[in-house]
Amino acid sequence: SSGRRGAQLKPPGSLRAALCDAHNLHLDSMSSPTPVRDAPAVPTTRFTARDLAQSSALVLACDGVVFDVSDGADFYGENGPYASLARVDASRALATMNLKLTHEELARGCEGLSADELATLAEWKAKFMSKYRAVGTFTRE
């Protein structure tokens, strides 16, 4: 990794709590058109890192599932606070609560994540599953 480690967001208190609170406010403000009883089936369309990067839709991958986050364009769009998560496999950034990872670090996906980080990732995936449309699966090239 390049010297970007110093660029990690580490405000006073818990970064995880701060980011979760901000994102929960966004997610809570969205209305679900129908209640979800069971997790919906994930479409079988496969996305690679290149597919995500070249997508015209506002998508991100989280723990193997690709979500259309267009409804959160204020957050994931070009000038949004989570813009760095758009059109990439955001799994590692979400699990580590670090929005400043390099492309090389992001490319590691879930490799070497701790049990706590994997639990954090599972929480994010559940949130995305409940609020955004799954459009496919992410596969490493």
In nm, what is the difference between 0.36 nm times the number of residues separating residue 140 and residue 79 and their Cα-Cα distance? 19.2 nm
With every protein chain in place, what's the accessible area of residue 132 (1.4 Å probe, Å², nearest 10)? 10 Å²
When the solvent-accessible surface of protein heavy atoms is calculated with a 1.4 angstrom probe, in what order do 129, 97 fall, highest first? 129, 97
Please list the non-local residues whose amide H lies under 5 Å from the amide H of residue 133, H modeled 1.01 Å from N, same-chain partners needing a gap of 5 or more. 68
Take region 46-141, drop everything but the C-alpha atoms, weight them equally and run the Debye formula without solvent; then report log10 I(q)/I(0) at 0.18 Å⁻¹ to two decimals. -0.74
How far apart, in nanometres, would the label points at residue 127 and residue 54 be if each is projected 7 angstrom from Cα along the Cα-to-Cβ direction? 3.1 nm
Provide the FRET efficiency to the nearest 0.05 for the residue 102-residue 41 pair, computing r from the beta carbons and using R0 = 30 Å. 0.35
For a quick protection proxy, order the peptides 109-117, 133-141, 85-93 by their average other-Cβ count within 10 Å, most packed first. 85-93, 133-141, 109-117
Considering only protein heavy atoms, with the full assembly of protein chains and a 1.4 angstrom probe, order 56, 130 by accessible area, largest first. 56, 130
For region 58-138, what is the accessible area per residue in Å², given a 1.4 Å probe and the full set of protein chains? 42 Å²
Accessible-area order for 118, 52, largest to smallest, probe 1.4 angstrom, reads 118, 52
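The values are calculated or read from the model by the stated rules, or taken from the named source; none is laboratory data. Just so we're clear, the structure is a prediction, and the values are computed from it rather than from any experiment. Cβ sites come from the backbone with ideal geometry, for glycine too, and all protein chains shown count toward neighbours. These area figures cover heavy atoms from the full protein model, side chains too; ligands, DNA and RNA do not enter into them. Shrake-Rupley method; radii C 1.70, N 1.55, O 1.52, S 1.80 Å.
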